[in-house]
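Taken together, the values in this text are just the output of simple stated rules run on the coordinates, not laboratory data. Not measured: the values here are computed from a predicted model. Neighbour counts run over all protein chains shown; Cβ positions are idealised from the backbone, glycine included.
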Amino acid sequence: MHEQRNHTRGRRPTPLSDLDPALTEISRRVIGCAIETHKELGPGYPLDIYRKALAHELKHEEISFEFDKTFAVEFDGEDIGNVNADMYVGDRFLLKLLADNNEVDGGARSELRAVLRAADLELGLIINFGQRRLKDGLVRVLNPDALRNDDEEDYDDEEEAEYANTAEE
């Protein structure tokens, strides 16, 4: 069991090249909007300020979005409730927005991954505007159930923690 855990943690994250190029492009554009928002405001404001500023940037870039999008959760073929996404962007992926000075934790990743599953979407981004450097608050979260690549069975939450390096450049 210990060997399997080490093997899983040693796997590289799913490269952006494995995602739909159109999805990758719109996610890069959204990250650019988030970077502009953070450059202008910096950390320290309440989440609502960042939501409004990011919405302004997305509109300026003509990127469609919807706040607080609801998705049904199914269990054994029945709807058993709903979950909400902070933002549904371009009819392609989800955003979870934060504005705190803590690192993005596994709970936030798990929450976003659950909403991705309910929405049957591949990609979500967590953007934490509370970080001094925005790249430290960007985390890519994938839904292994919706990926085109079916060999993602050994998926590990921690493997998506290093998105920031590819996000800002």
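Here are the numbers:
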quantity: Segment 18-167: relative contact order as a whole-number percent, Cα under 8 Å and 6+ apart; calculated: 20
quantity: Around I63: net Lys/Arg minus Asp/Glu count, Cβ-Cβ under 13 Å; calculated: -3
quantity: GluC sites (Glu not before Pro) lying in DSSP loop within segment 42-92, provided at most 16 other Cβ fall within 10 Å; calculated: E61, E62
quantity: Paramagnetic reach from Y45 in segment 96-139 [backbone N under 12 Å; point 7 Å along Cα→Cβ]; calculated: 129-130
